[in-house]
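Working notes for the structure below.
The values are calculated or read from the model by the stated rules, or taken from the named source; none is laboratory data. Bear in mind that the values here come from a model prediction, so they are computed numbers and not experimental data. Neighbour counts run over all protein chains shown; Cβ positions are idealised from the backbone, glycine included. Heavy atoms of the whole protein, side chains included, go into the accessibility calculation; ligands, DNA and RNA do not. Shrake-Rupley method; radii C 1.70, N 1.55, O 1.52, S 1.80 Å.
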Amino acid sequence: MAAILAFSRRAARAVRPTRALSAVPSVDENVDHLKSEGDINLSDRRAQFTAAHIGDETARLLEEDATYFLHQTLSTPCLNALKGAAGIHVEDLEGRKYMDFHGNSVHQVGFGNHKVTQAIKDQLDDLPFCTRRYTNKTAVKLAKTLTEKAPDPLSRVLFAPGGTSAIGMALKLARYATGRHKTLSMWDSFHGASLDCISVGGEQVFRGNVGPLMPGAQHVPPPDDYRCEESGFPDAMASAKYIDYILEKEGDIACVVAEPVRWTPYVPPPGYWRAVRASCDKHGALLIFDEIPNSLGRTGTFFTFEKFGVVPDMVVVGKGLGGGVMPIAALIAAEKLNESCRRVALGHYTHEKSPVACAAAQATIDFIDDEDLMANAEALGAYSLERMRALMGKHELIGDVRGIGLLLGIELVTDRATKGRAFDAAESVMYAALERGLSFKLTMGNIITLCPPLTATRADMDAAFAILDECIGLAAEERA
C-alpha cells in the first residue's frame, strides 16, 4: 500500500507542486490533460481514495501492474483491480460491486452476456482461426448483417482487430478514392491513439509533444452549443458554415472525419450534419463517421447518424461490437469506393476475419435486436434526461445537461454565468460515487459522462441518479 501511495504522489508531483492530501482544491485547474478523454489519476483525491479503499491484496497487484506495464497518463497508476464483470456491474478484488456507467463503451449488451459467451465457446470448438487468403461462414454472415443494417449505399465491409486500425483503413481509402491527402476533423475529438489517428484527433493529451503529425490534417471547433463562444462562433451551426468555408478555400480536402455525437457528449443541432454532408458533396470530400463508441443502438438507432438524417460515405463501428469480450471493429463503406482499393491493401490484418470475434459480434447484434435494446435506449434515455434536468434545477453546480439515448452528460461549472469548468468538484463527485457503488468517466475534466449498458432498467437509472444527487450536494458543501 505504501508503495502505491508513494507512486501516486510521485506521479502527481511530476504534474504539479506537492500539496497535502487534505488540500482543496485537489486538482490543478491549469493542467492541460484534465481536459481530455478520461479522468485524471494523479491527484490528491486519487491518493485519498487509494488510502481509504484499497486493501493490501489489491495494493500488491497495482504495484505489480506498475512494475511491468509502461506508465502512461490516464492509465498508470490504475484505479483498482477487478475480479468480475456481469450485467451492469463490475466487481473489484475485494468483492465490492459497482454499477458501471463507463465500461469503455463496450458493454451495450452487458458484461458476460450469455448469448455472446456461448457463441464464442461454440465457435472455438468449430473454427478458432481463419488464416489469410481464406474466408469463413461466420465472417461472411457478419459482413452481410452489417450491410443489411446500413442504409444504401453502404454495402462494403472490412474488419479490423480494433477501432484505431479501422479508422486508419478509412483514412487510406479516402486517399485512394479522392487522390487527395488532406483531412478536416474536430478539436477535442478522439479517433484512436496511433499516429494517423492522433493527427485527425483533437486532444492535447494524445497529440502533445510527439513531433510532426500527418501533413494536411486540419481542425475545426466541435458543434458544442453550450461552449461555442470559446471558439468565437455564435452557435454550433456556424461551425458547419466554417467547414464549408475551409473545404472551398482548400479545394483539395479528401475527407471530413468526425464523431456524429462527441463522447462528452456534444449533440449537434438537427441540421448540422445535413449541412456538412451538402458541403462535402459540393467540394468533392468524403464524409467519414467514427461511431466506434456510440453505435449499436446506444442512441436509440443502430447507427448514430440515423438520428441526423444523413448517410456518410464511410462509417466505423467497434468497441461494443465484440460484445464486451472480443476486440473487433468494422469499416462500412459506400459501394462506389470498392474499386478504389482493388489493387491495394487497406488493412490485411492477421485477425481480419477472425471467426471467434465475428461470432461474438453476430451474437451481440442478434441480442440487441431480440431484446429490443434500441427501444429501451430511446425510452430510458428520454427518462434520464428528465431526471438530469431535475438535478440541474436543484444543484447550481450543474451548468448543462445533455444526451441522446443512453449517452448522457452532466457538466459541472464553478459559475453558470462564466461556465468555469468545475474540475475539483467533478473529481469529488466521481470518488464519492465510487464509494457508493457507481462508476463513470469524467470527460474534459468536468463532465460526468454516463454510458450505461443498454440492458439497464429504470430502477438502475433511479439508483444512479440518487447517488449523483447526493454526491453533487456533498461537492457543493465542500465548496461552500
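If R0 equals 22 Å, the separation of the Cβ atoms of residue 104 and residue 278 corresponds to a calculated FRET efficiency of about 0.05. Pairwise Cα separations in the stretch 354-414 fall into 5 Å bins from 0 onward with the following percentages, short to long: 4, 17, 17, 14, 12, 10, 9, 8, 5, 2, 0.
So how much slack lies between residue 152 and residue 478, counting 0.36 nm per residue of separation and subtracting their Cα-Cα distance, in nm?
112.0 nm
Between residue 78 and residue 118, the simple spin-label model (points 7 angstrom out along Cα→Cβ) gives 3.1 nm. Accessible surface calculations at 1.4 Å, restricted to protein heavy atoms, place the stretch 340-402 at 46 Å² per residue. For the stretch 91-154, the set of trypsin sites (Lys or Arg not before Pro) satisfying both a DSSP loop assignment and a count of at most 11 other C-beta atoms within 10 Å is given as 132, 133.
Is the stretch 182-303 best put as rounded, prolate or oblate by its Cα gyration tensor, with a ≥ b ≥ c the root eigenvalues, rounded for a/c under 1.5, and otherwise prolate when a/b is larger than b/c, oblate when not? In terms of gyration-tensor shape, rounded. Please work out the Cα center distance from the stretch 169-234 to the stretch 70-94, rounded to the nearest Å. The stretch 169-234 and the stretch 70-94 have Cα centres separated by 30 Å. Specify whether the C-alpha gyration tensor of the stretch 275-387 places it in the rounded, prolate or oblate class, a ≥ b ≥ c being the square roots of the eigenvalues: rounded for a/c under 1.5, otherwise prolate if a/b is larger than b/c and oblate if not. Taking the square roots of the gyration eigenvalues as a ≥ b ≥ c, the stretch 275-387 is oblate. For percent of Cα pairs over 36 Å apart, the value calculated from this model appears in [x] 23; [y] 29; [z] 32 under label [y].
Close amide H contacts of residue 89 (hydrogens built in the peptide plane, cut-off under 5 Å, sequence separation of 5 or more or a different chain): 100, 111. With R₀ fixed at 51 Å, the C-beta to C-beta distance from residue 417 to residue 70 puts the FRET efficiency at about 0.75. In terms of its C-alpha gyration tensor, the stretch 109-245 comes out prolate, because a/c is 1.5 or above and the ratio a/b outweighs b/c.
Of the chymotrypsin sites (Phe, Trp or Tyr not before Pro) found in the stretch 88-147, the ones in coil according to DSSP and having at most 10 other Cβ atoms within 10 Å of their Cβ are 134.
Whole-Hz Karplus values for the stretch 169-175 come out as 5, 5, 5, 5, 5, 4, 5 Hz, taken residue by residue from phi with 6.51 cos²θ - 1.76 cosθ + 1.60 and θ = phi - 60°; glycine and proline positions read x. Its DSSP H runs of at least 4 residues, each contributing -39,500 (n - 2.57), put the calculated 222 nm mean residue ellipticity of the chain at -12500 deg cm²/dmol, to the nearest 500. When a 1.4 Å probe is rolled over the protein heavy atoms, the share of accessible surface on the chain that falls to carbon and sulfur comes to 52 percent.
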